[in-house]
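This report concerns only the one structure given below.
The values are calculated or read from the model by the stated rules, or taken from the named source; none is laboratory data. Everything numeric in this text was worked out from a predicted model, so none of it was measured. Positions of Cβ are generated from backbone atoms using ideal geometry, with glycine treated the same way; all protein chains shown enter the neighbour counts.
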Amino acid sequence: MRLYELACACYVYAGFTNFDKTYCDFLKQTKYSLDMQSETHREALLKWLNDFGCRQFEKKYYKQASQNLRVWYEEDRHLLPPLGRTLLVLSDDELDNAKIVYNNLMNIKASITKSVGPTGAAKILFTLRKDAFPPWDGAIRGNRYDGSLESYKKFLIATKHQLLQLERECVAYGIALAELPELLGRSSSSLVKLVDEYNWVTITRGCLPPTLDELETWYQWARQAS
């Protein structure tokens, strides 16, 4: 993933989805800090998960799912990295803790017959640690990741490598990596969410970024038109 490819994908994501509105509504409802001990916050989380396509959280079982998530959080919260800690600086031990937390969460009951599952677990962890844990879906997992705890750690490492590549490009352009969300018009998105937006556009929706030759042609058209 090149910097220009990320920029193109995030532009498409912002313009052609309503996910920003539901995510921003969720952030406002939870005052930008999800408190899993708050019933109101947990209900907001379940609604946001539904809005993002996680149908295993059936509304008639919200209360049960909410309590299950509360118990899970109380048992596993000590394994989460500190708030604000980024994926780039997570140690191998912290990555191992992440896969344990993910696996435990994945197996929590979301309703009578369905569990939280790999997509739900990754999205919940993202809401709890938006700087460290990127979400994923079935299409993003594809054939590379089977949804297991080991594949989740593998995904975290792969995302970390993508961010390191972006960081090298940013250095070359005199940009701080942390400035990317603002520069790309994605101020509500963390760095790992930017990668998720790229994955969603290019993998889930199959909309690949233009090639350098295409960009050059378009640039020439724009220059001639001006």
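General observations
- Checking LEU45, LEU27 one by one, the residue that is buried (at least 19 other Cβ atoms within 10 Å of the Cβ) and on the phi < 0 side of the Ramachandran plot is LEU45 and no other.
- Considering segment 163-197, the residues that are surrounded by fewer than 21 Cβ atoms within 10 Å (Cβ to Cβ), of a type in the set (Asp, Glu) and in contact (Cβ under 8 Å) with a residue 40 or more places away in the chain include one that is farthest from PHE52 (Cα to Cα), namely GLU169.
- Pair list, Cβ under 9 Å, 6 or more apart: segment 103-131 residue within 18 Å of THR22 (Cα to Cα), other residue of a type in the set (D, E, K, R) and not in a loop (DSSP other than H, G, I, E, B): THR119/ARG141; PHE126/LYS193; PHE126/ASP196; LEU128/ARG77; LYS130/LYS193
- The lone exception for MET1 - which of (1) farther than 17 Å from ILE124 by Cα; (2) at pLDDT below 95; (3) not in a loop (DSSP other than H, G, I, E, B) it fails: (3)
- Scan segment 48-64 for residues that are part of a helix (DSSP H, G or I), surrounded by 14 or more Cβ atoms within 10 Å (Cβ to Cβ) and more than 21 Å from the chain's Cα centre (by Cα) and the total you get is 3.
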